[in-house]
1. Just give me the residues in segment 1-54 being outside any helix (DSSP H, G or I) and within 18 Å of the chain's Cα centre (by Cα), in sequence order.
2. What are the residues in segment 1-33 that are farther than 30 Å from residue 101 by Cα and modelled with pLDDT under 90, if any?
3. Taking interchain pairs and intrachain pairs at least six residues apart, which have beta carbon atoms under 7 angstrom, with the first residue in segment 89-107 and at positive phi and part of a loop (DSSP other than H, G, I, E, B) and the second surrounded by 14 or more Cβ atoms within 10 Å (Cβ to Cβ) and at pLDDT 75 or above?
4. Within segment 55-70, count every residue that is in a loop (DSSP other than H, G, I, E, B) and surrounded by 11 or more Cβ atoms within 10 Å (Cβ to Cβ).
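The values are calculated or read from the model by the stated rules, or taken from the named source; none is laboratory data. Quick caveat: nothing in here was measured; it's all calculated off a predicted structure. When we count neighbours, we look across all protein chains shown, and the Cβ atoms used for this are built from the backbone with ideal geometry, even at glycine.
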């Protein structure tokens, strides 16, 4: 291997691994956003003090999460995460077992529909929109 070969090898490794990292981040963000929607939906159904919030739930939640410096948790985004969860409850099938344990009320036997090609396309569109929002911020 000469110097030019060294440079080319490093460039190729960088490109491949950077693309892999982007895919991993996209998957992680998708699961994060879905989980946030799951938590909100569960709170709306079973939260001990849910009646204290009513229509202000997303506004108050956004303020509390912002105070803890949790990114991308504006009221509008929280609504999108909740909508995302409600539209695609079947994403639970893609979750690793250790992640499923973090989701209260999610039984392993709970039946959900499998994702169709159209669903996967819509998830990708959602991801693309989220990435644009993050990069615009």
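1. Residues of segment 1-54 outside any helix (DSSP H, G or I): 1-2, 47-49, 53.
None - no residue of segment 1-54 is outside any helix (DSSP H, G or I) and within 18 Å of the chain's Cα centre (by Cα), so the list stays empty.
2. If the condition is that a residue be farther than 30 Å from residue 101 by Cα and modelled with pLDDT under 90, then 1 is the only one that fits.
3. From segment 89-107, the pairs are 105/42.
4. We begin by selecting, within segment 55-70, every residue in a loop (DSSP other than H, G, I, E, B); these are 68-70.
From what's left, surrounded by 11 or more Cβ atoms within 10 Å (Cβ to Cβ): 70.
Selection size over segment 55-70: 1.
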